[in-house]
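Following: one structure in structure tokens, then a few remarks.
What follows is calculated from the coordinates using simple rules that are stated; it is not laboratory data. Not measured: the values here are computed from a predicted model. All Cβ positions, glycine included, derive from the backbone under ideal geometry; neighbour counts span all protein chains shown.
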Amino acid sequence: MAKMRAVQIAQANGPFEIVEREIPQPGVGDVRIKVQACGICHSDFLTKEGRWPGIRYPRVPGHEIAGIIDDVGAGVVGWSAGQRAGVGWHGGHCGHCNSCRRGDFVTCLIAPQVPGISYDGGYADYMIAPAGALALIPDELPAVEAAPIMCAGITTFNALRNSGARAGDVVAIVGIGGLGHLGIQFAAKMGFHTIAVARGATKEPLAKKLGAQIYIDSQAQDVAAELLKLGGAKVILATATSGKAMTATLGGLGVNGKLIVVGAPADPLEVPAGLLIGGRHAIMGWPSGSSIDSQDTMAFSAWTGVRSMNEVFPLDRAAEGYDRMMSGDARFRVVLTTGS
Ligand SMILES: [Zn+2]
Ligand SMILES: [Zn+2]
């Protein structure tokens, strides 16, 4: 049997272990992907620390996968060996729950599957995925650039395009990190009046380079007041790692404006309820999207030049890459490469 490298977690809070495993065979409805690149997402801590209810070990993390299909199981239609494919947070669904029957696969109620949590993910030379979770990677995107699009990219892109904001509307992106630096680019390319909000003056040049027309320094300026001067935000996309930073922006919403939460800070959102009523404001979350949404995100990125800024580590240095991501100092996503 041919062997491959995999980086596994043997138990909750265990170290990353580089192990040799047999190359897995695709079952009915599955394909095997020769992994070229896999992003390290903050959500990988769910696997590392055993925070996902019912997770079983050993488990190979990774849900920002980009590679090449190299074998196809029985019953797979529309995919063949040699195609470039990505797999993201949405890694499969039951197909028969009420959400799935409505075509809303990412909110599957019975068996939502996440690569790297429900089954082995992309920190490996090969991985198996259901065909329904595949997104076609366009020629213009190298694997290292495609991988972060599969979670950080789709989450910001899909939240923005479903937000109800229209071209010219004020859209503020709070936080310039792994999610935020992509959110700014997508918002600008979608034609929104794009406002970047972050702490300190040093991030302004980067924010402008990414496409923000206006930069608000949350340490030196009153974010809500600045947004109101622009007529109020139609959408505030909250990617920051602080609930306090998110709620501080709420007063800057325009009429019918909404705060869309895509980052998950540890501290709670504390909202003065009265603030929501007069201007019909809303707070909502947004969970990535399905495989076709990932494909749309990659195609849009290819057309418009939206790219993730990445720090790249070889697969063997996954532990180092993970620590780098967790440190919060990475600029901005960390991506593992297999050398394939
Ligand atoms: Zn993720
Ligand atoms: Zn379902």
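Take the Cα of Ala220, go 7 Å toward its beta carbon, and the backbone nitrogen atoms of the stretch 165-209 under 12 Å from that spot belong to 199-205. Modelled this way, with points 7 Å down the Cα-to-C-beta line, the labels at Ala167 and Cys94 are 4.2 nm from one another. Among 71-82, 4-15, 141-152, sorting by the average number of other beta carbon atoms lying within 10 angstrom of each residue, highest first, gives 141-152, 4-15, 71-82. Computed over the stretch 51-170, the percent of Cα pairs more than 24 Å apart is 32. At a Förster radius of 35 Å, what calculated FRET efficiency corresponds to the Cβ-Cβ distance of Leu269 and Trp303, to the nearest 0.05? Here the calculated transfer efficiency is 0.50.
Taking springs between alpha-carbon atoms closer than 10 angstrom, which of Leu227, Leu136, Leu275 fluctuates most in the Gaussian network model of the chain? Its mean-square fluctuation being the largest, the pick is Leu275. Mean residue ellipticity, 222 nm, helices only, the chain: the sum of -39500 (n - 2.57) across DSSP H runs of n ≥ 4, divided by residue count and rounded to 500, is -6000 deg cm²/dmol.
In debye, nearest 20, what is the charge dipole magnitude of the chain about its Cα centre with +1 on Lys and Arg Cβ and -1 on Asp and Glu Cβ, if you could check? Please report the intermediate quantities before stating the final value.
Working: 29 positive and 29 negative charges, 138 e Å.
In total the dipole reaches around 660 debye.
For Lys229, a cut-off of 26 angstrom between C-alpha atoms picks up these lysines, skipping any fewer than 8 places away in its own chain: Lys189, Lys203, Lys208, Lys209, Lys244, Lys258. Modelled spin labels at Phe45 and Trp79, positioned 7 Å past Cα toward Cβ, are 3.0 nm from each other.
Gain in length, Lys209 to Val28, computed as 0.36 nm per residue apart minus the alpha-carbon separation, to one decimal in nm? Before the final figure, lay out the partial values.
On the way: separation 181, 0.36 × 181 = 65.16 nm, distance 4.64 nm.
Taking 0.36 nm per residue and subtracting the Cα distance, the gain is 60.5 nm.
Gain on full extension, evaluated as 0.36 nm per residue between Arg199 and Arg280 minus their Cα-Cα distance, stands at 26.4 nm. For trypsin sites (Lys or Arg not before Pro), the sites in the stretch 224-288 that DSSP calls loop and that have at most 13 other Cβ atoms within 10 Å are Arg280.
Sites listed here are GluC sites (Glu not before Pro) in the stretch 1-74 whose DSSP assignment is loop and whose Cβ has at most 14 other Cβ atoms within 10 Å: Glu49. Relative to the longest principal axis of the Cα atoms of the chain, the long axis of helix 291-304 makes an angle of roughly 60 degrees.
Extension gain for the segment Ala12 to Thr107, taken as residue separation times 0.36 nm less the Cα-Cα distance, is 31.6 nm to one decimal. When the square roots of the Cα gyration tensor eigenvalues are ordered a ≥ b ≥ c, the ratio a/c for the stretch 3-119 is 1.5 or more and a/b does not exceed b/c, which makes its shape oblate.
Under a model in which nothing but the beta-carbon of Lys, Arg (+1) and Asp, Glu (-1) is charged, the stretch 106-242 shows a dipole of about 460 debye around its Cα centre.
For the chain, the longest principal axis of the C-alpha atoms and the axis of helix 152-161 are separated by about 50°. Placing pseudo-labels 7 Å out from each Cα toward the beta carbon at Glu311 and Val19 gives an inter-label distance of 2.8 nm. For the stretch 77-158, applying the loop criterion from DSSP together with a ceiling of 10 other beta carbons within 10 Å to the trypsin sites (Lys or Arg not before Pro) yields Arg102.
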